[in-house]
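A quick write-up on the structure given underneath.
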There are 2 protein chains.
Amino acid sequence: MNYIEQLQDLLSHEQVTTNDVLREQHGRDESYHEPHLPDVVVYPKSVEEVSAVLAFANAQLIPVVPFGLGTSLEGHVIPTKGGISLDLSLMNAVLEVRSEDFLVKVQPGVTRSQLNKELKKHGMFFSVDPGADATLGGMAATNASGTTSVRYGIMRDQVRDLEVVLANGDIIHTGGLAAKSSSGYHLNGLMIGSEGTLGVITELTLRVYGIPEKIVAGRATFNTVQEAVNSVVALKQAGIPMARIELVDKNSIEQVNHASGTSFIEMPTLFLEFHGNESGLQSDVVFATELLNDNGCTGLAFEQDERARNQLWELRHNLAYTYIHSAPGKRLMSTDVVVPINSLPEAIENSRKKIESMNINAGIVGHVGDGNYHILLMVDMNDPHDILQAKELNEHVVEFALSLGGTCTGEHGVGSGKAKYQRLEHGLAYDWMKQIKQIFDPNNIMNPGKIFID
Amino acid sequence: MNYIEQLQDLLSHEQVTTNDVLREQHGRDESYHEPHLPDVVVYPKSVEEVSAVLAFANAQLIPVVPFGLGTSLEGHVIPTKGGISLDLSLMNAVLEVRSEDFLVKVQPGVTRSQLNKELKKHGMFFSVDPGADATLGGMAATNASGTTSVRYGIMRDQVRDLEVVLANGDIIHTGGLAAKSSSGYHLNGLMIGSEGTLGVITELTLRVYGIPEKIVAGRATFNTVQEAVNSVVALKQAGIPMARIELVDKNSIEQVNHASGTSFIEMPTLFLEFHGNESGLQSDVVFATELLNDNGCTGLAFEQDERARNQLWELRHNLAYTYIHSAPGKRLMSTDVVVPINSLPEAIENSRKKIESMNINAGIVGHVGDGNYHILLMVDMNDPHDILQAKELNEHVVEFALSLGGTCTGEHGVGSGKAKYQRLEHGLAYDWMKQIKQIFDPNNIMNPGKIFID
């Protein structure tokens, strides 16, 4: 009996499949990274089943790659060494809403939009917003963030507790329900961002927020990206508690207009959002307007209506897909560095010059309030020159960010794409990360080839 | 040549002392935990010296206990197995203020008040406020928090990067200057709260904040602790962004009045603070006043003047010392649980009943906006009955908090006092924490006997 038949005995026949279409779906993510098929796709329905599959795989030395919805951007879910793609989409229940405690307990296959739909009934929302409608398990695994992190924080700030299954089948909890704790080592923080290399997340307890009394969104246009970015630094330094500050460059606004039939002015633009009580928010908007105008803002439009606001952010979120659809047959490459906020103008100017000098068609967008920006470009995977150029640009951008004390990835994670920069970014600490990996996963079955280069 | 002479050769004679007074100072903290003398006190001046001492101690199997100012409350700095007390007070420079990046780089011996004095020149402040004027190294080691954490977060939320020396002498950095990162394992979070059991912190890069445009403090009195706590739940659930919400019970107000000559109304009281822009804050205060009155507030007094505000918080901070001075010869015991916010009234009521049934003289205070409260009592260490009662109360309070999904320590840390609750709180995860300890410190020289029961 081969190992796939053994798995079918362990769970049930319909939870274990070698169907070609399903294997193909589980062999790629949304990025330019080269696909690789798993041997088999397994759909567990409970933590006990996840534990049984891991203990089995660990004994048989079979790689296991957790899979949510496949929206990763650095090859995280690609089973580069074959084995089992562990699809958690059947574990997709919102288990408990503790509205008085501002907590919610969910299974890992619940998506961001599914959770927010449920929370809206309680006047609450989940803050982390990476654009893609990812699963919460995947978002915790990559320590995702996005447009609202400048105000509400990143995934690591929202997770109170995880249930995690380790390679040997052990089921542990990494936290609790308390708003803070100084008890024991911070396994919560360690598991978040570990990208399935230490364990499989089977349950999450998350912090949620009340929907703010008042929300105002806006668009501010500038003659140059540099003026837009200088404004961001000014807004941050003034201490205005912006809920969102997104840069969308001219190239990307053109893409949006082309794809969505909008007629936004085709100039570098900041998409902004303010949250607060009625009067405090009004003060913030007035002060922000002043600062934007002082920094060369050529036009400012506000949206108070929920529908118009939602449309604005939908356009922002669909930007990556807009690039993808504009270049059929090509694959998306996105850089993802963060630099200290005061170095942001310098870093973006450096990136822009590099793009121009290489004569590449690329857009710059980003969560600039965190010092995080992305260069989006479409790569023809059949053209070695195209691939080489994309890699050269990525390397240039990463090395410049690291020279400023920044990071090679602000939110997409390491996967296989950023593994080569880990030593440069972390130095000797990288060896200690490897030792931690070694205790939790001595047989290297947990998403092998990710974060660490074997 | 004995090991102390070898240390004198390694550093210099005046940095290595066996003076009895100094050893006695390094043999205790501010708690009821039994003192124990170190063999020697060592004062390193640089990361290289810390590295040399650790590599030496590791080779010779000598325990090393990092020491800041000795304000710990669970016996953290007590060298229960002798060895070296590594006093970091000579490494007390504010190395760099990057005001445009809202970052500051400090050595571990810098105290909270020393840093805030420096930051005030730049219109900024460091938010974590545990009451004691602790060192920042110690605050990171215990993941300290305090009065302002309800708004600005705990120590783990402020640390961007640590330089840490490991048992073998390795010097690593656990983070960087970026506001967020998904790169590699979160060693930053792991080191914070590890209480010197994994390494010695030799440098910290911390997030700081602009001083708010407007600050208002206030005192709200209630007939019962339960009404006060119900108000806290109401304020939190209304989403008012309180900067501080502190409970001080009747017993403790009496202590304050007695010790400081104030004439506060001797009733259960909430000390409150609001931060914001002028108009937003005004709205918050109006809304909060309404909610407080709805929940049985019998009197409300606001202080807008900086001096009056500072006095209010000084009184709050000195509360533990007030108890200590009121009972000469006795030692302070403080519980430190956190429960989910909605369970806070139930938990405090349970604690209050237990105190009454045991006929103990104790005060209840706490950072109730986080669901964190302390029972303060003075213990006669020569009276076995007193000690037994204190232990019984602590155990009762911890077990009740854990039964609600809470934690045995919100901010004081584990030390030796809470080690016995680690298994109960963390279950199987505790074994994995032990394994992490084992890789970083295979010879168990780093603050042995803390967090883990040997």
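The values are calculated or read from the model by the stated rules, or taken from the named source; none is laboratory data. Small disclaimer: the values here were computed from a predicted structure and weren't measured. Cβ sites come from the backbone with ideal geometry, for glycine too, and all protein chains shown count toward neighbours.
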Tally, over the stretch A:283-313, of residues that are closer than 15 Å to A:G239 by Cα and either touching a Ser or Thr at 6+ places or on another chain (Cβ under 7 Å) or surrounded by 14 or more Cβ atoms within 10 Å (Cβ to Cβ) (or both)
8
Looking at (1) more than 7 Å from every other protein chain (Cβ to nearest Cβ); (2) assigned to a loop (DSSP other than H, G, I, E, B); (3) closer than 15 Å to B:S181 by Cα, can you tell me which one A:V414 breaks?
(1)
Failed item, numbered, when B:G427 is tested on (1) more than 7 Å from chain A (Cβ to nearest Cβ); (2) over 26 Å from B:G363 (Cα atoms):
(1)
Segments classed as strands (runs of 3 or more DSSP E), wholly inside the stretch B:156-208, with at least 1 members that are closer than 20 Å to B:L86 by Cα and at the interface with chain A (Cβ under 7 Å from one of its Cβ atoms)
B:171-173
Hey, does the stretch A:104-113 have a residue that's farther than 28 Å from B:P130 by Cα, assigned to a helix (DSSP H, G or I) and more than 7 Å from chain B (Cβ to nearest Cβ)?
yes
Looking only at the stretch B:277-307, which residues are touching a residue at least 12 places away in the same chain (Cβ under 8 Å), over 20 Å from B:L247 (Cβ atoms) and away from chain A (no Cβ under 14 Å)?
B:Q304, B:E306
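This table checks each residue for (1) within 14 Å of another protein chain (Cβ to nearest Cβ); (2) hydroxyl-bearing (S, T, Y).
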residue: A:I360; (1), (2): no, no
residue: A:G366; (1), (2): yes, no
residue: A:L393; (1), (2): no, no
residue: A:V398; (1), (2): yes, no
residue: A:T407; (1), (2): yes, yes
residue: A:G410; (1), (2): yes, no
residue: A:W432; (1), (2): yes, no
Look through the stretch A:434-451, keep the residues that are assigned to a loop (DSSP other than H, G, I, E, B) and either of a type in the set (S, T, N, Q) or free of Cβ contacts under 8 Å to residues at least 60 places away in the same chain (or both), and return whichever of them is surrounded by the most Cβ atoms within 10 Å (Cβ to Cβ).
A:N447
Members of the stretch A:321-346 found to be crowded, with 19+ Cβ neighbours inside 10 Å and among the small types (G, A, S), listed by number
A:S334, A:S343
Kindly indicate whether B:Y373 is aromatic (F, W, Y), part of a strand (DSSP E or B), within 14 Å of another protein chain (Cβ to nearest Cβ) and under 28 Å from B:V128 (Cβ atoms).
yes
From the list B:F264, B:F274, pick out the single residue that is modelled with pLDDT of 90 or more, away from chain A (no Cβ under 12 Å) and buried (at least 16 other Cβ atoms within 10 Å of the Cβ).
B:F264
Hey, can you tell me all the residues within the stretch A:236-269 that are closer than 15 Å to A:L300 by Cα and in contact (Cβ under 8 Å) with a residue 60 or more places away in the chain?
A:I245, A:E246, A:L247, A:V248
Taking the stretch A:379-402 and the residues there that are in contact with a Ser or Thr (Cβ under 9 Å, 6 or more places away or on another chain) and buried (at least 20 other Cβ atoms within 10 Å of the Cβ), the one that is farthest from A:E74 (Cα to Cα) would be A:A401
Scan (1) at pLDDT 95 or above; (2) surrounded by fewer than 20 Cβ atoms within 10 Å (Cβ to Cβ); (3) among the polar types (S, T, N, Q) for the single condition B:T202 breaks and write down its number.
(2)
Given the residues B:L103, B:L95, which is the only one that is buried (at least 21 other Cβ atoms within 10 Å of the Cβ) and touching a residue at least 24 places away in the same chain (Cβ under 8 Å)?
B:L103
Taking A:L376 as meeting all but one of (1) touching a Leu at 6+ places or on another chain (Cβ under 6 Å); (2) within 30 Å of A:P241 (Cβ to Cβ), write down the number of the exception.
(1)
Quick one: which of B:G68, B:G83, B:G109 is crowded, with 20+ Cβ neighbours inside 10 Å, on the phi > 0 side of the Ramachandran plot and touching an Asp or Glu at 6+ places or on another chain (Cβ under 9 Å)?
B:G83
Please determine, by comparing only the residues of the stretch A:209-237 that are small (G, A, S) and outside any strand (DSSP E or B), which one is surrounded by the fewest Cβ atoms within 10 Å (Cβ to Cβ).
A:A234
So which of A:I245, A:I253, A:I240 is among the hydrophobic types (A, V, I, L, M, F, W, C) and part of a loop (DSSP other than H, G, I, E, B)?
A:I240
